[in-house]
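Enquirer: This is the structure I have questions about; it appears just below.
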Amino acid sequence: MRASQYLIPTAKEAPAEATVASHVLMMRAGMIRRVAAGIYTILPLGLRVMRKIERILREELEKAGCLEVNMPMVIPAELWRQSKRWDLYGPELLRLKDRKGAEFCLGPTHEEVITQLAASEIKSYRQLPLNLFQIQTKFRDETRPRFGMMRGREFVMKDAYSFDLDAETAQVSYWKMHEAYTQIFSRCGLEFAPVEADTGTIGGSLSHEFQVIADTGEDALATCVSCGYAANIEKAQILAVAPAAVKQTGEPKRLDTPDVCSIAELTSFLEVEGKCVIKALLFELGDQVIMALMRGDRELNEAKLRALLDCDQLIPASPETLMRSIGDVAGFIGPLGLQDIRIIADHEVMAMNDAICGANARDQHLGAVQPLRDFQAETADLRFAEEGDICGRCEGQPLSFRRGIDVGHIFYLGNKYSKAMGATVLDKNGKPTPLEMGCYGIGVGRTAAACIEQNHDEQGICWPVPVAPFEVHLLALGKQQEILDACEPLYHELTAAGLEVLYDDRPERPGFKFKDAELIGLPWRVGLGKRGIDSGSAELVERRSGERFDVPLAELAEFLTKRIVPARLGN
RNA sequence: CGGGGCGUAGCGCAGUCUGGUUAGCGCGCCUGCUUUGGGAGCAGGGGGCCGCAGGUUCGAAUCCUGCCGCCCCGACCA
């Protein structure tokens with residue numbers, strides 16, 4: 001490709017709105033342009049990167065036996081009602097009406113559509129296992145799109161769905177995808193880690209995220225050097241502290257705390273530390289009222305509580321529910337003397353002595369409270385893993401922490417959707433059985449962004465060969481005809497050798513071209529100017545290492561082919 | 001959705017507090033000459049409903065009200 005005939009609008013400065021490296025560099029290198037919040041036009045150079053990633057996806061998924069399909073982006077509400085997600089998914093689901101007033105949504109994910117297809121097309125266990133995928137634009141009306149392609153509202157996702165007869169074979173399918181994902185991200189040249197993850201609103205029980213390791217990542221990851229356990233901190237198991245030795249004597253003391261409602265107010269009013277206070281949070285789950293207890297200095301990990309309660313969302317108790325179940329005591333609730341409320345305490349709460357908690361009476365708290373003596377509760381792990389926590393898997397080493405970008409997520413779904421939507425097959429005995437499903441996503445644009453986060457320097461991007469928009473940046477160093485005449489055959493030769501070459505034939509000064517080349521970040525730069533013509537050699541620079549080579553023109557193609565072709569396979 | 005910030009040329013910004021000629025600077029863009037291995041120099045030029053709508057005023061980029069858009073921090077996700 002000739003740069004003079006291509007569109008790569010590079011810029012010295014990025015728009016002020018871009019704050020992270022990948023966003024800044026994608027803007028500066030002329031890969032993307034913003035159209036609206038979280039919605040982007042992808043320019044030719046950016047699109048080439050997307051296509052490279054998509055090609056790797058297709059190759060690896062087809063290797064894993066998946067079949068490509070294409071589902072609609074506009075989905076009838078009826079399908080989403082069947083799965084109940086029309087009501088559960090919330091405002092992130094962009095809803096629209098057609099001219100007849102019929103309701104639709106833009107697909108944020110495609111369990112409903114694929115399950116409907118499975119229900120009608122998969123009739124016999126003999127057709128299983130089956131894994132269908134698509135690479136398609138999704139829309140999620142996120143409250144806060146961020147960081148360019150990292151978190152858009154409209155984004156390209158590879159989503160795959162597996163169908164099996166029973167849980168056992170479904171898990172085989174799951175682990176096969178785990179392996180395919182490992183291959184995919186390795187091939188993209190990324191440093192990443194599969195970590196155990198919360199299953200969120202998609203439901204199900206077994207799940208991994210594929211996290212690209214980067215300080216700018218939005219997720220915190222906990223790993224154990226001793227046993228290799230790795231999990232999102234939402235999910236990470238931590239060693240439970242033992243309950244405190246129970247003081248059998250004594251009793252709680254009533255404390256007057258007028259208008260002291262929050263933990264912050266309470267700790268400053270009583271001049272105690274947060275870890276001496278029990279925080280009580282009230283939720284409603286159907287007809288049931290749930291009280292979660294945390295140490296005052298800890299944050300409730302909602303994902304862990306949701307998983308424990310096996311529900312899609314936690315609904316804070318309404319004032320009416322609070323009034324009905326305990327009384328007019330907002331800001332003063334505690335676990336003592338309650339009836340018909342399910343109390344779930346974090347392990348740390350049960351290890352407290354002389355704790356302070358709400359008295360279930362206006363303007364009052366209780367002191368000297370002793371868990372187990374003064375109240376009973378289920379215990380569970382309800383907090384986030386933190387620095388210093390011991391691995392809950394091997395119970396040996398402290399967990400260590402890193403940050404990551406969630407580029408892929410796989411779920412074992414079970415039969416949640418197949419049951420809801422009547423997707424059954426006949427088993428060997430001719431008996432209808434709900435399909436066992438898994439779903440598997442990869443954000444294509446996010447993978448590209450993550451790749452830049454992990455591969456850039458002060459000057460610009462340093463593309464790994466497998467996802468680079470081109471492999472070689474040939475620069476004509478000078479605008480004299482003599483130089484162009486020398487570069488032209490090189491361009492043809494390298495292209496003919498099967499290399500992807502971007503030829504900068506623009507009438508620009510050498511310094512200008514060097515800067516652009518470093519910004520765009522193709523793996524190999526080949527510079528030819530007067531000097532090179534005189535010596536019969538070109539200057540090669542490997543972008544990532546900065547290493548320079550003077551290579552005779554006759555050997556160029558061979559030199560580059562030897563280095564680039566093997567690198568196409570990735571890590 | 002809570003908190004904070006921003007909206008002036010394609011991009012980066014000044015001017016707004018304290019209203020007053022023709023709204024300014026750098027980069028980029030166009031023309032010419034010079035230059036030609038690390039984002040060149042000189043000269044000339046084009047480009048603005050100062051986010052939108054109302055209001056106050058003799059006069060508004062500047063003051064007031066409402067709206068819209070965008071970004072950042074938090075709660076949610078590929």
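Enquirer: Would you say A:E68 is in contact (Cβ under 8 Å) with a residue 60 or more places away in the chain and within 11 Å of RNA strand B (Cβ to nearest atom)?
Expert: No, not satisfied.
Enquirer: Being among the hydrophobic types (A, V, I, L, M, F, W, C), touching a residue at least 24 places away in the same chain (Cβ under 8 Å), buried (at least 21 other Cβ atoms within 10 Å of the Cβ) and part of a helix (DSSP H, G or I) narrows it down to one residue among A:L556, A:L502; which is it?
Expert: Details: A:L502 fails: part of a helix (DSSP H, G or I).
Within the list A:L556, A:L502, the selection yields A:L556.
Okay, residues lined up against (1) in contact with a Lys or Arg (Cβ under 6 Å, 6 or more places away or on another chain); (2) over 30 Å from A:I213 (Cβ atoms):
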| position | (1), (2) |
| --- | --- |
| A:N455 | no, no |
| A:Y491 | no, yes |
| A:I533 | no, yes |
| A:V541 | yes, no |
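Enquirer: On to the next question. From the residues in the range A:88-118 that are crowded, with 19+ Cβ neighbours inside 10 Å and over 26 Å from the mean Cα position of the chain (by Cα), which one is nearest to A:D166 (Cα to Cα)?
Expert: Only one residue tops the list, namely A:A118.
Enquirer: Filter the range A:287-323 down to residues that are in a helix (DSSP H, G or I), among the basic types (K, R) and farther than 15 Å from A:R342 by Cβ, then give me how many there are.
Expert: Residues meeting the conditions: 1.
Enquirer: Still on this model: Where residues in the range A:247-279 are surrounded by 13 or more Cβ atoms within 10 Å (Cβ to Cβ) and among the aliphatic types (A, V, I, L, M), which of them is nearest to A:V349 (Cα to Cα)?
Expert: Looking at residues that are surrounded by 13 or more Cβ atoms within 10 Å (Cβ to Cβ) and among the aliphatic types (A, V, I, L, M), I get A:I278.
Enquirer: Residues that are in a strand (DSSP E or B), touching a Phe, Trp or Tyr at 6+ places or on another chain (Cβ under 9 Å), under 30 Å from A:A554 (Cβ atoms) and not polar (S, T, N, Q): does the range A:423-434 have at least one?
Expert: For the range A:423-434, residues in a strand (DSSP E or B), touching a Phe, Trp or Tyr at 6+ places or on another chain (Cβ under 9 Å), under 30 Å from A:A554 (Cβ atoms) and not polar (S, T, N, Q): absent.
Enquirer: Of all residues being near RNA strand B (Cβ under 10 Å from one of its atoms) and crowded, with 20+ Cβ neighbours inside 10 Å in the range A:20-29, which is nearest to A:A517 (Cα to Cα)? Just the residue, please.
Expert: A:A29
Enquirer: Looking only at the range A:1-19, filter to residues that are touching a helix residue (DSSP H, G or I) at 6+ places or on another chain (Cβ under 7 Å) and either among the hydroxyl-bearing types (S, T, Y) or more than 7 Å from RNA strand B (Cβ to nearest atom) (or both); which one of those is farthest from A:D215 (Cα to Cα)?
Expert: A:Y6
Enquirer: Could you run through the range A:201-246 and say how many residues are more than 16 Å from RNA strand B (Cβ to nearest atom) and buried (at least 22 other Cβ atoms within 10 Å of the Cβ)?
Expert: 2
Enquirer: Quick check: is even one residue across the range A:473-496 assigned to a loop (DSSP other than H, G, I, E, B), surrounded by fewer than 24 Cβ atoms within 10 Å (Cβ to Cβ), in the same structural domain as A:L522 (by TED's automatic domain parsing) and more than 10 Å from RNA strand B (Cβ to nearest atom)?
Expert: The answer is no; no qualifying residue exists.
Enquirer: A further question follows. Only residues that are β-branched (V, I, T) and either on the phi > 0 side of the Ramachandran plot or under 25 Å from the mean Cα position of the chain (by Cα) (or both): list them for the range A:397-438, please.
Expert: A:I405, A:V407, A:I410
The values are calculated or read from the model by the stated rules, or taken from the named source; none is laboratory data. Small disclaimer: the values here were computed from a predicted structure and weren't measured. Every residue, glycine as well, gets a Cβ built from its backbone with ideal geometry; the counts of neighbours run over all protein chains shown.
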